Amino acid sequence: MLYAFGFERIGVVLSDIYFMDPRSPEGQEGAEQGVRLEVRFIAKEELKGSVYSAQPISINEAIWRGDLLESVENSGSFDRTHHHPRFRGWEPTRRHFVEELSADPFEWVSERLSNLDLLLEEANIEKEQVAPTDGAELRRAVPEIIEATRRVLERIRAGELGQAPAEPTPAGARIGWL
């Protein structure tokens with residue numbers, strides 16, 4: 001499932017995600033699942049038809065990523081919850097584990113999304129790359145974003161989303177939109 005919240009030049013996308021075995025540098029092995037949130041650049045593209053045609057929209061490079069993940073064996077634990085404050089192109093930097101994020105992920109993510117200037121600074125992105133209204137619009141949408149995140153996480157824990165593929169394949173090592 002994919003949710004998208006769009007503003008002028010940035011947006012937030014979130015999705016369920018399942019990793020068969022991430023083998024992270026932090027020594028975390030075994031399947032993990034959860035919700036991935038990303039603040040990304042977005043853009044309206046030129047219309048491909050009349051003024052009544054569907055509006056092409058692109059969701060581009062990530063600015064920040066929050067992974068509300070937990071090992072499949074420890075559902076409800078947030079034992080793999082972390083964030084990526086910076087990207088190099090499309091690749092995230094290493095996982096950053098923050099005690100407060102694992103302790104209360106919804107509050108921590110709310111605070112983080114409410115401060116676009118901090119996200120941009122940590123990502124080494126100039127403020128001029130976003131619209132002057134993006135920060136305020138994002139702040140206003142935080143309650144909706146958190147509610148959508150909670151709903152997706154509930155569906156993961158209920159076994160409806162973010163689950164292992166029926167037939168494991170190398171391409172199925174990562175299941176989800178993001």
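The values are calculated or read from the model by the stated rules, or taken from the named source; none is laboratory data. These numbers were taken from a predicted model, which means no experiment stands behind them. We place every Cβ from the backbone using ideal geometry, glycine too, and count neighbours over all the protein chains shown.
Filtered by the rule that a residue be β-branched (Val, Ile, Thr) and farther than 15 Å from MET20 by Cα, the stretch 57-81 gives ILE57, ILE59, ILE63, THR81. Somewhere in the stretch 63-72, is a residue closer than 28 Å to GLY159 by Cβ and aromatic (Phe, Trp, Tyr)? For the stretch 63-72, residues closer than 28 Å to GLY159 by Cβ and aromatic (Phe, Trp, Tyr): absent. Residues that are hydrophobic (A, V, I, L, M, F, W, C) and more than 17 Å from the chain's Cα centre (by Cα) occur in the stretch 90-108; there is at least one. Residues satisfying the criterion are present in the stretch 81-101 (criterion: modelled with pLDDT of 95 or more, assigned to a helix (DSSP H, G or I) and hydrophobic (A, V, I, L, M, F, W, C)). Scanning the stretch 164-176 for residues that are among the hydrophobic types (A, V, I, L, M, F, W, C) and in contact with a Phe, Trp or Tyr (Cβ under 9 Å, 6 or more places away or on another chain), we see that the one that is modelled with the lowest pLDDT is ALA173.
Listed here are the residues, each with its yes/no results for (1) more than 17 Å from GLY162 (Cα to Cα); (2) surrounded by fewer than 14 Cβ atoms within 10 Å (Cβ to Cβ).
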position: TRP64; (1), (2): yes, no
position: ARG80; (1), (2): no, no
position: PRO92; (1), (2): yes, no
position: ALA103; (1), (2): yes, yes
position: LEU113; (1), (2): yes, no
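Each residue in the stretch 132-173 was checked for being surrounded by 14 or more Cβ atoms within 10 Å (Cβ to Cβ) and either acidic (Asp, Glu) or not in a helix (DSSP H, G or I) (or both), and 6 of them qualify. From the list SER53, SER58, SER15, the lone residue that is touching a Leu at 6+ places or on another chain (Cβ under 6 Å) and without any contact (Cβ under 8 Å) to a residue 60 or more places away in the chain is SER53. Annotation note: Cβ proximity below 7 Å between a residue of the stretch 92-117 that is farther than 25 Å from GLU137 by Cβ and a residue that is assigned to a loop (DSSP other than H, G, I, E, B) and of a type in the set (Gly, Ala, Ser) (sequence gap 6+ or interchain) occurs for ARG95/SER24.
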